Amino acid sequence: MAEREVDRSVSQTVKAQLALRDQILSGSLRPGERISELQAVETTGASRTPVRMALVRLEEEGLLEAIPSGGFMVKAFSERDISDSIELRGTLEGLAARFAAERGVSARELEPLKECLAAIDELLGQVPISIEAFSSYVTLNARFHALLTELSRSPPLVRQIDRASALPFASPSGFVMAQSALPEAQQILIIAQEHHRVVIDAIENREGARAEAVMREHARLAVRNLRLALRNRTHLDLLPALALIKTATD
């Protein structure tokens with residue numbers, strides 16, 4: 001296969017993967033619903049080989065489950081599945097923060113993190129915080145976590161964090177939009193921002209154990225967000241993917 005054709009196939013696979021993931025997380029495809037290869041070709045507009053690869057990748061991500069009769073089924077998740085994934089991500093991010101602290105980071109390298117911190121402070125100054133501000137927070141929070149990970153100077157660790165964050169609902173901002181309509185929303189974001197501030201201070205002062213502990217605690221705040229979101233499913237329009245999560249009462 002020519003190089004151009006390989007590139008085109010990879011591009012189609014990514015396009016199909018993103019389209020199918022969006023259908024699942026937007027609630028268009030429900031837990032237990034079967035997805036055939038032909039159906040995926042029709043809905044994504046990609047050809048069969050890229051679609052087949054996209055379905056396999058979504059199975060690896062944990063959003064789909066292969067079924068013996070052929071095709072795939074949209075998975076449902078338990079609350080424990082999600083909390084375990086978040087804990088895994090927090091453990092890895094804690095290690096990244098410890099590496100950054102112990103290996104040393106210059107003031108110049110910390111500057112982008114501090115700029116993120118200041119931008120989030122500005123958003124949190126709004127009372128109440130608007131939906132638009134929550135949306136901006138998601139972008140800034142993702143950037144903060146990505147910058148922090150890069151400071152570890154450990155490509156293997158960065159790859160593992162990326163993989164862990166791709167697990168369903170395990171990303172640093174996985175439940176932010178769902179919590180935006182809750183009365184506790186502003187308080188949770190203020191606590192999260194204090195974690196951001198403390199981990200920068202720990203890295204600056206080369207306190208590896210402290211930096212690691214803060215990031216692990218920071219991930220546990222996401223588990224709290226999960227529980228709040230599951231107790232308040234009236235706002236499914238903000239995060240339709242909550243329908244994929246089974247609780248003890250389901």
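The values are calculated or read from the model by the stated rules, or taken from the named source; none is laboratory data. The shown structure was predicted, so the numbers you read here are calculated from the model rather than taken from an experiment. All Cβ positions, even for glycine, are placed from backbone atoms using ideal geometry, and neighbour counts span all protein chains on display. In case anyone asks, the SASA skips ligands and DNA or RNA and just uses the protein heavy atoms, side chains included. Shrake-Rupley method; radii C 1.70, N 1.55, O 1.52, S 1.80 Å.
One line per residue, one yes/no per condition, for (1) more than 29 Å from Glu150 (Cα to Cα); (2) acidic (Asp, Glu); (3) under 17 Å from the mean Cα position of the chain (by Cα); (4) part of a strand (DSSP E or B):
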position: Ser11; (1), (2), (3), (4): no, no, no, no
position: Ala16; (1), (2), (3), (4): no, no, no, no
position: Leu29; (1), (2), (3), (4): yes, no, no, no
position: Gln39; (1), (2), (3), (4): yes, no, no, no
position: Val51; (1), (2), (3), (4): yes, no, no, no
position: Leu88; (1), (2), (3), (4): no, no, yes, no
position: Ala97; (1), (2), (3), (4): no, no, no, no
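Of all residues in the range 208-223 being in contact with an Asp or Glu (Cβ under 9 Å, 6 or more places away or on another chain) and open to solvent by 70 Å² or more (accessible area, probe 1.4 Å), which is farthest from Ala100 (Cα to Cα)?
Among residues in the range 208-223 that are in contact with an Asp or Glu (Cβ under 9 Å, 6 or more places away or on another chain) and open to solvent by 70 Å² or more (accessible area, probe 1.4 Å), the one farthest from Ala100 (Cα to Cα) is Arg220.
How many of the residues in the range 72-104 are open to solvent by 30 Å² or more (accessible area, probe 1.4 Å) and out of contact with any strand residue (DSSP E or B) (no Cβ under 6 Å at 6 or more places or on another chain)?
Number of matching residues: 13.
May I ask you to list the residues in the range 108-139 that are open to solvent by 70 Å² or more (accessible area, probe 1.4 Å), in contact (Cβ under 8 Å) with a residue 40 or more places away in the chain and within 18 Å of Ile191 (Cα to Cα)?
Scanning the range 108-139 gives Lys114, Val127, Pro128.
Which condition number does Ser69 fail, the rest of (1) part of a loop (DSSP other than H, G, I, E, B); (2) crowded, with 22+ Cβ neighbours inside 10 Å; (3) not acidic (Asp, Glu) being met?
It is condition (2) that Ser69 fails.
Do we find that Leu167 is in a helix (DSSP H, G or I) and touching a helix residue (DSSP H, G or I) at 6+ places or on another chain (Cβ under 8 Å) in this structure? I'd like the intermediate steps shown before the answer.
On the way: in a helix (DSSP H, G or I): no; touching a helix residue (DSSP H, G or I) at 6+ places or on another chain (Cβ under 8 Å): yes.
Criteria not met by Leu167.
Working only within the range 170-189, note down all residues that are open to solvent by 20 Å² or more (accessible area, probe 1.4 Å), modelled with pLDDT of 75 or more and part of a loop (DSSP other than H, G, I, E, B).
Within the range 170-189, Ser171, Pro172 meet the criteria.
Quick check on my filter: what residues within the range 14-46 are of a type in the set (Ser, Thr, Tyr) and open to solvent by less than 60 Å² (accessible area, probe 1.4 Å)?
Ser26, Ser36, Thr44
Which pairs have Cβ atoms under 8 Å, sit 6 or more apart or on different chains, and link a residue in the range 68-95 that is within 17 Å of Arg159 (Cβ to Cβ) to one that is of a type in the set (Ser, Thr, Tyr) and in a loop (DSSP other than H, G, I, E, B)?
Note: pairs meeting the criteria are Arg89/Ser171; Leu95/Ser152.
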